[in-house]
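Asker: Input: one structure, supplied below.
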Amino acid sequence: MQKPSKAGSASATPAKRGRPFGSTTGSGGGGGGASSSASPGDPGSAASIFGPSLHVYSNLVDENSKRIVLALQSGLKSEMTWALNAVTVLSFKEKDDFRRDSVPLCKIPGLLDAILQVVDDWRDIAIPRDYTKPERSRSLGLSALLTGFGNEATTIPSSDNLASPGGSTKSEENPNSLKRKRPVGWWFDEDGLFNLDEEGRAEKQICAIAASNIIRNFSFMPENETIMVQHRHCLETIFQCLEDQNTAEDDELITNLLETLVNLAPVLDLRIFSSTKPSFIKMSEKRAVESIMGMLGSSIKAWHCAAAELIGRLIINPDNEPFLLPFIPQIHKRLVDLMSLQAIDAQAAAVGALYNLTEVNMDCRLNLASERWAVDRLIKIVRVHTVPEVCRKAAMILESLVSESQNRQMLMAHETTFSEILMSEGKYSETFARILYELTAKPNSKMSSARAVWGNVS
């Protein structure tokens, strides 16, 4: 039998299930959540701590559910490696896969909290090294001299020989310029007992990426949706990672968590951030929507495509409308810009989101119709896009816009183009026939006065 090739062979790593095109490349940690993109035999690679994929038997969870949770909570390298490998294999499930060893969250109490703790541990050390802590007011020992909490400018007598961390004494310095210096926090300035070196930071980072990949895999299982959308800590962690996309986050981690939100969006209610459930980050509905807007404005195609799809799914829930409607002008502007890109998937994501937004209320339809180039780009997509479903949705958007009487005068400028599509495109002739009927058979007051000259007033 031919020996199977190693994971680090020259063959390209296939894209993960459900992953938008171009999102398999990450920064920092190396990219793969389950370390399939790294060579297990390379000790210099941070992803090598996971090793090859494990063969997990079906009753692993029944016998070791507590051990999996405790291993993730321990922080020990060997235990976390075993637990992350096992849960990664167990959490992966294809749409038509009926494997018996796929594990829903409800079978392991405390698993989601333990996985989130792995992500939180990385976020705690992901602050840039040039970060400056703000000044804090000291009240303890304010009148004392040698507590380190006050009187920093007080001159210390030359007879006091205070040993510094480097081994020198204060008496060796110039007595005239000798002032009390605050030793508080000096052990955080250099790598040592309380800090991780670059290898340790890389291991923490790859563990957080693996944890985010597990969370993403769990979101594909319908039995996990209710648990995850009602877990406030989970949603707060996801939205804060999206909010901090430009600081110290890993691209693969952000992509995994963004896709998790896209999967959970149809059942996600943003009002959970104002509920009585305990909060860890004090995330609000407005901050959550602003983080989505940041992803929508990103230059990374996988991110702004997923953000557009996320908005289109969130707006379906009427309870989310009050939080999204204040951002409708910005959303429309960005989605119209996405329709101008050459990427087919970006155009499809923008049209899908606009299709749901135009069904919300009249203000959304009026705002979109008045957006510059919106109608022209929708017409262009109907004519040149290669996916029939995207073309159909673009035509339905135009029909929704023409249904508002305030938009008819604006759309009358495209009457000739609509007639050409009606005659040339048989698939969408019925839709554009209704559009032309709305423009001509139901004129508003301004159009009626204009047509009165030609005797067309009924």
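Asker: Expected output is a single nm value to one decimal: the length gained when fully extending between residue 79 and residue 403, i.e. 0.36 nm times separation in residues minus the C-alpha distance. What is it? Could you put the intermediate results ahead of the total?
Answerer: Numbers: separation 324, 0.36 × 324 = 116.64 nm, distance 6.13 nm.
Taking 0.36 nm per residue and subtracting the Cα distance, the gain is 110.5 nm.
Asker: Another one. Which pairs, out of 393/427; 66/277; 77/204, put more than 20 Å between their alpha-carbon atoms? Write out the running numbers ahead of the final one.
Answerer: Details: 393/427 12 Å; 66/277 25 Å; 77/204 10 Å.
Violating the 20 Å Cα-Cα cut-off are 66/277.
Asker: For a quick protection proxy, order the peptides 228-239, 251-262, 403-414 by their average other-Cβ count within 10 Å, most packed first. Working shown, then result.
Answerer: Values: 228-239: 20.8, 251-262: 25.6, 403-414: 16.3.
Going from most to least packed, we get 251-262, 228-239, 403-414.
Asker: Something else: If we count every other residue with Cβ under 9 angstrom of residue 219's Cβ, Lys/Arg +1 and Asp/Glu -1, where does the sum land? Write out the running numbers ahead of the final one.
Answerer: Working: positive: 216; negative: 225, 259.
Combined, the nearby Lys, Arg, Asp and Glu give -1.
Asker: How much FRET efficiency would the formula 1/(1 + (r/R0)^6) give for residue 125 and residue 370, where r is the Cβ-Cβ distance and R0 is 45 Å, rounded to 0.05? Could the numbers behind the result be given before it?
Answerer: Details: r = 48 Å, r/R0 = 1.06.
According to the calculation, E is roughly 0.40.
Asker: Shape call for the stretch 321-444 from the C-alpha gyration tensor, a ≥ b ≥ c root eigenvalues: rounded (a/c under 1.5), prolate (a/b greater than b/c) or oblate? Walk me through the numbers before you get to the answer.
Answerer: Values: a/c = 1.90, a/b = 1.15, b/c = 1.65.
Oblate.
Asker: Once R0 is set to 45 Å, what does the formula 1/(1 + (r/R0)^6) return for the Cβ-Cβ distance between residue 341 and residue 63, expressed as a FRET efficiency to the nearest 0.05?
Answerer: For R0 = 45 Å, the calculated efficiency reads 0.30.
Asker: What does the charge count near residue 297 come to, summing +1 for each Lys or Arg and -1 for each Asp or Glu among other residues with Cβ under 11 Å from its Cβ? Intermediate values should be presented prior to the final figure.
Answerer: Values: positive: 333, 334; negative: 290, 337.
Net local charge, residue 297 excluded: 0.
Asker: Test of understanding: what is the full-extension gain from residue 413 to residue 246, defined as 0.36 nm times their sequence separation minus their Cα-Cα distance?
Answerer: Details: separation 167, 0.36 × 167 = 60.12 nm, distance 4.29 nm.
So the chain would gain 55.8 nm between residue 413 and residue 246.
Asker: Around residue 377, under 15 Å between beta carbons, what's the net of Lys plus Arg minus Asp minus Glu among the other residues? Mind dumping the intermediate values first?
Answerer: Values: positive: 333, 334, 372, 380, 383, 393; negative: 337, 371, 376.
Counting the neighbours of residue 377, the net charge comes to +3.
Asker: Using a ≥ b ≥ c from the Cα gyration tensor of the stretch 248-378 (square roots of the eigenvalues), is it rounded, prolate or oblate, where a/c under 1.5 gives rounded and otherwise the larger of a/b and b/c decides, a/b for prolate?
Answerer: Working: a/c = 2.13, a/b = 1.31, b/c = 1.63.
Oblate, because a/c is 1.5 or more while a/b does not exceed b/c.
Asker: With every protein chain left in place and a probe of 1.4 Å, what is the accessible surface of residue 327, to the nearest 10 Å²?
Answerer: Looks like 30 Å² after rounding.
Asker: Label-point separation (nm) for residue 425 and residue 361, each offset 7 Å from Cα along Cα-to-Cβ?
Answerer: Roughly 3.0 nm, to one decimal.
Asker: Figure the gain on full extension for residue 227 and residue 380 (residue separation times 0.36 nm, minus the Cα-Cα span) and round it to one decimal in nm. Present the calculation step by step, with values, prior to reporting the outcome.
Answerer: Values: separation 153, 0.36 × 153 = 55.08 nm, distance 4.24 nm.
Residue separation times 0.36 nm, minus the Cα-Cα distance, leaves 50.8 nm.
The values are calculated or read from the model by the stated rules, or taken from the named source; none is laboratory data. No experiment lies behind these values; they were computed from the predicted model shown. Positions of Cβ are generated from backbone atoms using ideal geometry, with glycine treated the same way; all protein chains shown enter the neighbour counts. Just the protein is used for accessible areas: all its heavy atoms, side chains included, with ligands, DNA and RNA removed. Shrake-Rupley method; radii C 1.70, N 1.55, O 1.52, S 1.80 Å.
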